[in-house]
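Note sheet for the following structure.
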Amino acid sequence: MPNTYTWTATNLIGYPQYEGETDVITTVFYTVTADDGAGHTASIQNIQQTPLDPLVPFIPYPDLTNDIVIGWVQDNLGPEGVASITANLDAQIEAQINPPLTPQSFPLPWTTTTN
């Protein structure tokens with residue numbers, strides 16, 4: 001079963017007045033969580049600038065939703081950025097399922113221990 005990803009805006013930063021608009025969001029703090037449905041999860045937190053785009057109609061602050069804001073984040077990341085985040089989360093879950101080998105320190109075999 002493929003992992004599912006949940007994108008959540010956790011904090012919005014902006015200006016009360018900016019480029020003729022009111023309550024303009026310019027930075028989004030967000031979390032992405034992956035879940036494999038079998039008890040393994042992974043998450044990352046990040047920040048993304050969300051500059052005003054003159055080609056996109058301005059959305060008033062009271063009308064913003066998580067989906068709209070995360071859409072801005074994903075648009076600014078681009079397909080490669082979104083894919084990089086999901087690949088990172090997939091690798092974290094894979095490491096939980098199949099932990100990588102960890103090197104260990106061994107005592108020197110030619111030394112003897114005294115009690």
Exercise. Could you list, in sequence order, all residues of the range 85-115 that are under 18 Å from residue 42 (Cβ atoms), among the polar types (S, T, N, Q) and open to solvent by 70 Å² or more (accessible area, probe 1.4 Å)?
Key: 88, 96, 98
Practice problem: Scan the range 41-68 for residues that are of a type outside the set (Gly, Ala, Ser) and either closer than 20 Å to residue 84 by Cβ or touching an Asp or Glu at 6+ places or on another chain (Cβ under 7 Å) (or both) and report the count. | Solution: 11
Quiz item: Going by the structure shown, is residue 100 at pLDDT below 90, closer than 30 Å to residue 33 by Cβ and either over 14 Å from the mean Cα position of the chain (by Cα) or not in a loop (DSSP other than H, G, I, E, B) (or both)?
Solution: yes
Quiz prompt | Filter result for residue 75 (among the charged types (D, E, K, R) and farther than 26 Å from residue 5 by Cα) | solution = no
Quiz prompt | Residue in the range 76-83 that is in a strand (DSSP E or B) and modelled with pLDDT of 95 or more present | solution = no
Quiz prompt | From the options 37, 20, residue that is of a type in the set (Gly, Ala, Ser) and closer than 28 Å to residue 88 by Cα | solution = 37
Exercise. Scan the range 20-31 and report the pairs whose first residue is over 18 Å from residue 57 (Cα atoms) and at pLDDT 95 or above and whose second residue is assigned to a loop (DSSP other than H, G, I, E, B) and open to solvent by less than 20 Å² (accessible area, probe 1.4 Å), with Cβ atoms within less than 7 Å and a gap of 6+ or a chain change.
Key: 28/50
Exercise. Among what's in the range 38-72 and is touching a residue at least 24 places away in the same chain (Cβ under 8 Å), under 18 Å from residue 7 (Cβ atoms) and of a type outside the set (S, T, N, Q), pick the residue that is most open to solvent (accessible area, probe 1.4 Å).
Key: 72
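The values are calculated or read from the model by the stated rules, or taken from the named source; none is laboratory data. What you see is a predicted model, and the numbers here were worked out from it, not measured in a lab. Note: ideal-geometry Cβ built from the backbone for every residue, glycine included; neighbour counts use all protein chains shown. Keep in mind that these areas ignore ligands, DNA and RNA; they rest on the heavy atoms of the full protein, side chains included. Shrake-Rupley method; radii C 1.70, N 1.55, O 1.52, S 1.80 Å.
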